[in-house]
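The values are calculated or read from the model by the stated rules, or taken from the named source; none is laboratory data. Because the structure is a prediction, the values reported are computed rather than measured. Reconstructed Cβ throughout: ideal geometry from the backbone, glycine too, with neighbour counts over all protein chains shown. Note: accessible area is taken over every heavy atom of the protein model, side chains too, but ligands, DNA and RNA are not part of it. Shrake-Rupley method; radii C 1.70, N 1.55, O 1.52, S 1.80 Å.
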Amino acid sequence: MGLCRNLVTVFAHSWSRKKKLHEEQEALNLPTHSLILDCPTRWGSKQKMIERVLEQAHAIKRALDDRKHQHLNLTWQDIAVLESINTALKPVAEFTDVLSNEKIVTASSVRPVLRLLTCDLLDPSPEDSELTKNLKTKMIAILEDRDTGIISRRKMLQKNSSKK
């Protein structure tokens, strides 16, 4: 994640680098998208940042042709890790976007969506890398733990309100 943030920051703070990236995108027939920086308050922004860096990896490599920023070029190991993280985060980011829609009331769909995520979409598949399987397993555990915590707090609140 730190490498992605550093890459995005290098291009965000330099007009000439941004122009060079745009030229390389056109030369490689890649979409001329800007890089995205993750934001702690925006759910799914880490996944979007990773996805964009992966999409533009070849143009980024060609745009970082000087010695000063050579250390930021993605290695094949970096790309493999980012692809695994992207694969694990993508279903969660998509459902976050759906659940945060302002025009549709979604409170009643939270539990079914959690169940769909934990039982289906985040279920490790044979095609997943070992890292992706581990990430998905840990994400399922966290979601189930939070869901259990919410249910137990709700029961405790109901129990306390019935005593009064």
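Quick check, is H22 loosely packed, with under 12 Cβ neighbours inside 10 Å and without any contact (Cβ under 8 Å) to a residue 24 or more places away in the chain?
When the stated conditions are applied, H22 does not pass them.
Considering every residue within region 129-152, establish whether at least one is outside any helix (DSSP H, G or I), exposed (fewer than 13 other Cβ atoms within 10 Å of the Cβ) and at pLDDT 85 or above.
The first filter runs over region 129-152 and keeps only residues outside any helix (DSSP H, G or I), leaving 129.
Going one step further and asking which of them are exposed (fewer than 13 other Cβ atoms within 10 Å of the Cβ), we end up with none.
Looking for residues that are outside any helix (DSSP H, G or I), exposed (fewer than 13 other Cβ atoms within 10 Å of the Cβ) and at pLDDT 85 or above, one finds none in region 129-152, hence no.
Out of T96, T41, report the one residue that is modelled with pLDDT under 90, of a type in the set (V, I, T) and under 24 Å from H13 (Cα atoms). I'd like the intermediate steps shown before the answer.
Values: T96 fails: under 24 Å from H13 (Cα atoms).
Unique residue meeting the criteria: T41.
Conditions (1) in a helix (DSSP H, G or I); (2) modelled with pLDDT of 80 or more; (3) out of contact with any His (no Cβ under 9 Å at 6 or more places or on another chain); (4) open to solvent by less than 40 Å² (accessible area, probe 1.4 Å), marked per residue:
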position	(1), (2), (3), (4)
I60	yes, yes, yes, yes
H71	yes, yes, yes, no
I79	yes, yes, yes, no
I85	yes, yes, yes, yes
P91	yes, yes, yes, yes
S125	no, yes, yes, yes
